[in-house]
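K.L.:
The structure under discussion is supplied below as structure tokens; questions concerning it will follow.
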């Protein structure tokens, strides 16, 4: 349920409504939208408060939210949310490009790739220190040491770091070294992890699970938002279908659908959705044209020697060309 305050409602009015809601056993999330204070009321007894709240002179209207995801919905917030990662605005209208290796393999490999994507125009650096792999025998990253390398590469290049967290118990380590925490496709419904990243003040990039519906993605985001972390960025990375020509099936329709249903920004990952560097640039260009707030791509200085997903990693020159295309498409759309 949403309580929209009158335009002239003061802080005392807002506090009085919050106190009344909390006395009724519900929780309140406050935001500002279109110049008005908007209160999201959550709890089993929320509807019992509806008439009493609507009768208050400081309240303009009370609206029931139909979707099961409340705080992620456009009904809760009409204006688009902008999330800042180390000073880089995601969702502000200019596509953001996140680039880097699939996995941190060594300091030399990471620094060379970070410098290459910086030169190619990347805004943020990605890289996996902890890697969830289908096979237990595959390279699973360098762990905490890789995370420290990412921090050092960020300090040297000026690119804020986005990296994947796997376990709730690692949250303090990631808060110390990462600028944004990525929750990967396999962990989209790891609810203890969603709760934990929801409690910290770091931006979260939430990837869609390979078998998840759009509603399930938004409900996963709801877990984070309900814990108080409003800095959530969604990421479409392809879904599993019967098609085998690509690693996953890129669901570009998810971009405008999410834009219609939610105020949260959404990225597109053409690397994991296709699994083949030949298709990365075409799908990235299509995603920007479809309205994505940015892309997340894998780049490697020597993809033939990569320990993880070398087939889908762009060479630095290919990445630089893609960044020019992204800028041109964004300019044409404007």
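K.L.:
Once both axes come from the Cα atoms, what is the angle between helix 107-120 and the longest principal axis of the chain, in degrees from 0 to 90, rounded to 10?
P.N.:
The helix 107-120 is inclined about 70 degrees to the chain.
K.L.:
Could I ask something else about it? Could you state the orientation-averaged shadow area of the convex hull built on the Cα atoms of the range 2-63, in nm² to one decimal?
P.N.:
Numbers: hull surface 14.2 nm².
Dividing the Cα hull surface by four gives the mean projection, 3.6 nm².
K.L.:
If I fit a long axis through the Cα atoms of helix 277-290 and take the longest principal axis of the Cα atoms of the chain, what angle between them do I get, 0 to 90°, rounded to 10?
P.N.:
30
K.L.:
How are the alpha carbon pair distances in the chain distributed across 10 Å bins from zero to the largest one, expressed in percent?
P.N.:
The calculated distribution, bin by bin, is 6, 26, 32, 21, 10, 5, 0.
K.L.:
Indicate the gyration tensor shape class of the range 105-185 (rounded, prolate or oblate), computed on the Cα atoms with a ≥ b ≥ c the square roots of the eigenvalues: a/c under 1.5 is rounded; otherwise a/b larger than b/c is prolate and the rest oblate.
P.N.:
prolate
K.L.:
Report, in whole Å, the centroid distance computed from the Cα atoms of the range 181-200 and the range 26-64.
P.N.:
So the two Cα centres are separated by 28 Å.
K.L.:
Among 224, 85, which comes first, then next, by fewest other beta-carbon atoms within 10 Å?
P.N.:
By the 10 Å Cβ count, ascending, the order reads 85, 224.
K.L.:
I would also like to ask the following. What ranking do 42, 267, 193, 47 get, fewest neighbouring Cβ atoms within 10 angstrom at the top? Provide the component values of the computation, followed by the final result.
P.N.:
Details: 42 16, 267 26, 193 23, 47 13.
With the fewest neighbours first, 42, 267, 193, 47 line up as 47, 42, 193, 267.
K.L.:
Continuing with this model, one more query. If one takes the longest principal axis of the Cα atoms in the chain, at what angle in degrees, from 0 to 90 and to the nearest 10, does the Cα axis of helix 316-333 lie?
P.N.:
40
K.L.:
If one computes the Cα centroid of the range 218-293 and of the range 109-142, what distance in Å separates the two points?
P.N.:
Using only Cα atoms to place each centre, the spacing works out to 19 Å.
K.L.:
Among DSSP bridges having both ends in the chain, what percentage is antiparallel? Round to the nearest 5.
P.N.:
Within the chain, antiparallel bridges account for around 45 percent of the total.
Read the figures in this text as sums done on the coordinates, not as results from a lab. On a predicted model such as this, the values are computed, not experimentally measured, just so you know. Neighbour counts run over all protein chains shown; Cβ positions are idealised from the backbone, glycine included.
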